[in-house]
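Please read the structure below before turning to the comments.
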């Protein structure tokens, strides 16, 4: 009867460790002492905001490493609408990156990470728009669920529930938190949750208020507040809370949030919002001792004993008392959240006190369903405390081995196995991407999946050890390990893949006439000796030849490129072509996309094998384009779809003759991120003056890495502000109907602004020299008109454009009007 409980607690331990790591994070001897003290604290806090990087990492560090309470950060979204400073990923793919950056941050500051089903659709100015897009009730349900599931004593919001939050998502996070605070203890609210969780009432909810620069100014809101000094120093770690917090915040690399540590005192304000007001401490009136758990007196005494008698030079001396603590916890209510949590914490302490290290390493980073997975299992103990390894059990694969191995000090034991991965094993698709995003939210049927920030690995190994006469089962995921000649030992999540995937070479194919286009498809094998057929789901009016393509590959990871001709519809249309992969074992419509950056583990996603087909009336006179890449976008691929030859202009190319280019396009934030672009500015302006066309996509004024004053980017001064239009269906009013950009070679009308995604534009020009002409006026509901989305000037014989219109989103999405307008901009000056 005890074995299932052990397995439950081991899975909980795996959850705490965020899955991808083969090992519990090794603790120094002093950190073990800190975690022993944490065993004696029975309380929790939940911090709530909207996005990755919204969290107050200093507050999280203070709560987890000074107050020693269970600390969680609930981000309503995964940051899918954010910009990307390190690569081209957008949408759910930047969300994948930012999820891993959050998990990296939590491993540093000691908090746990939670999410809701809300999809980050980009900047929103109002709570009303945000909640309409997300579906207020759905996301509110998720917040209530997390409160009931985790039973926090205190809720702490990052933003106020009003316009001061500066972002509709921020505003909504506080608004929903305050509503959920009132509802979580009401059994009539979301009663379906009570099959799994119970009602819960936190003691209070406070706003961790701030002022510009976090400069210790008191908040101006009416109501009670307390001050909290969160900037202390932790001698057991050897760092201040602020130093740890800076390391945590620097994990958000895709957003450019590298932070230096502030080693001064830091006082934050906790403004009372609901519940019982705090008088001096945010946990006033909350019992943080074992007294809140019935029958736990012996547990509390044993923990006190462990702390008093801890030998910093010999942590293994604490193992017997830790085993006793674990046994006593086993006598308490197994459903009690703190009993579960503390058992998991004891397991971590046992492993660290014993110097116990164990992992399962497949010999390859991926396996196809139905194949064998050769494994190497390694186990070592770095202390002289006697323990035995008695069992290895493979979870998700049929293998169970019993043994009696007396483990010797610092002697590595290695075992080899090759279990079969069942054919019905699900592929390694993030659970929130299994179904398409719908109505502003991820479609997650089982709300309990939100208890973990990423997938619980299907394939794991359960290691059973006998320690002081007690059996402990610790479960770890299979993790691929390799040695990089530069980075050393590198871990990668082990992937379960379909037999074969099909990637269409382009995201969008644009047809300007009735001529067919060749579409290349890369078929990739994920096991040896794969053969099958590609077929196509073709939209009405479109044609594909041939309709079937055979493939055969002998080697695992072998790729084969096949081609079909796609014949466009006679009418303008915007559709999807779907590729279906059939083998003897079934069919799928998966492509494969890997997200690889050194600061996160490699992430592999299996999107639907589709491509956008766009038939539109478009003419383009510019054929040779120079492109200065910025923070990462897919505009160059879109330009090639318009028939352009695109040359990426690095420093060497910029030193050459620029007159060969019909237009030079500057990528998003290039002036913010490319350090040396300012040295080529005179040459770029000379190119324009002599008859060239230059299109500059948006920059952030004074933003990340800014190397050139914004007003110096063009031939005449202009300023960029924070103006934006976030409603993707906002009216785009044409100010200069006779202007060439709106007439040549394509006639632009309001119809060209139909079907846009996420927003109209960001970082508009807000002031400009009289030589510039604005072409559009737009605004969000209830706001004044803004005219800086696209400004144009003639300079000498040439043309200069600055635009905040989000072409970097619209072109990869295949929005027809965006293609026509961009074609007109780069065609300026061409007869």
Hey, among 712, 759, 754, which residue is touching a helix residue (DSSP H, G or I) at 6+ places or on another chain (Cβ under 8 Å) and under 23 Å from residue 684 (Cα atoms)? 712
Within segment 304-315, identify whether any single residue is farther than 18 Å from residue 41 by Cα and crowded, with 19+ Cβ neighbours inside 10 Å, and answer yes or no. yes
Set 195, 125, 132: member being modelled with pLDDT under 95, surrounded by fewer than 22 Cβ atoms within 10 Å (Cβ to Cβ) and out of contact with any helix residue (DSSP H, G or I) (no Cβ under 7 Å at 6 or more places or on another chain): 132
With segment 1-67 as the region, which helices (runs of 4 or more DSSP H) entirely inside it contain at least 2 residues that are over 20 Å from the mean Cα position of the chain (by Cα) and at pLDDT 95 or above? 29-39, 57-65
When residues of segment 756-777 are limited to those that are surrounded by fewer than 23 Cβ atoms within 10 Å (Cβ to Cβ) and part of a strand (DSSP E or B), the one nearest to the chain's Cα centre (by Cα): 766
Residue hits (segment 180-192; within 16 Å of residue 153 (Cα to Cα) and either out of contact with any helix residue (DSSP H, G or I) (no Cβ under 6 Å at 6 or more places or on another chain) or not in a helix (DSSP H, G or I) (or both)) are 181, 182, 184, 185
Out of the residues in segment 228-265 meeting the condition of being in a strand (DSSP E or B) and surrounded by 20 or more Cβ atoms within 10 Å (Cβ to Cβ), tell me which one is farthest from the chain's Cα centre (by Cα). 228
Do you know which residues across segment 175-190 are surrounded by 24 or more Cβ atoms within 10 Å (Cβ to Cβ) and farther than 22 Å from residue 69 by Cα? 176
Regarding segment 328-335, can at least one residue be identified that is touching a helix residue (DSSP H, G or I) at 6+ places or on another chain (Cβ under 8 Å) and part of a helix (DSSP H, G or I)? yes
Subset of segment 361-379 [assigned to a strand (DSSP E or B) and either surrounded by fewer than 17 Cβ atoms within 10 Å (Cβ to Cβ) or without any contact (Cβ under 8 Å) to a residue 12 or more places away in the chain (or both)]: 372, 376, 378
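Going by what's in this entry, would residue 466 be described as more than 29 Å from residue 560 (Cβ to Cβ), modelled with pLDDT of 95 or more, out of contact with any helix residue (DSSP H, G or I) (no Cβ under 8 Å at 6 or more places or on another chain) and in a strand (DSSP E or B)?
Here the answer is yes, as residue 466 does meet what is asked.
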Out of 715, 737, I need the residue that is assigned to a loop (DSSP other than H, G, I, E, B), surrounded by 15 or more Cβ atoms within 10 Å (Cβ to Cβ) and at pLDDT 95 or above. Which one? 715
Residue selected from segment 336-360 under the condition in a strand (DSSP E or B) and surrounded by 18 or more Cβ atoms within 10 Å (Cβ to Cβ), by the criterion farthest from the chain's Cα centre (by Cα): 356
Could you go through segment 718-733 and let me know if any residue there is assigned by TED's automatic domain parsing to the domain that holds residue 675, at pLDDT below 95, in a loop (DSSP other than H, G, I, E, B) and on the phi > 0 side of the Ramachandran plot. no
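State the number of residues belonging to segment 786-826 that are part of a helix (DSSP H, G or I) and in contact with a helix residue (DSSP H, G or I) (Cβ under 8 Å, 6 or more places away or on another chain).
Total satisfying the criteria: 13.
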Note on segment 159-174: residues crowded, with 17+ Cβ neighbours inside 10 Å and not in a helix (DSSP H, G or I) are 159, 160, 161, 167
Answer yes or no: is there a residue in segment 505-517 that is surrounded by fewer than 19 Cβ atoms within 10 Å (Cβ to Cβ), assigned to a strand (DSSP E or B) and assigned by TED's automatic domain parsing to the domain that holds residue 589. yes
Hey, could you check segment 408-443 for residues that are assigned to a loop (DSSP other than H, G, I, E, B) and in contact with a helix residue (DSSP H, G or I) (Cβ under 9 Å, 6 or more places away or on another chain) and say which is surrounded by the most Cβ atoms within 10 Å (Cβ to Cβ)? 442
When residues of segment 473-504 are filtered for being in a loop (DSSP other than H, G, I, E, B) and either touching a helix residue (DSSP H, G or I) at 6+ places or on another chain (Cβ under 6 Å) or surrounded by fewer than 15 Cβ atoms within 10 Å (Cβ to Cβ) (or both), how many remain? 3
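The values are calculated or read from the model by the stated rules, or taken from the named source; none is laboratory data. Worth saying up front: this structure is predicted, and the values here are computed from it rather than measured. Heads up, the Cβs are rebuilt from the backbone with ideal geometry, glycines too, and the neighbour counts pull from every protein chain shown.
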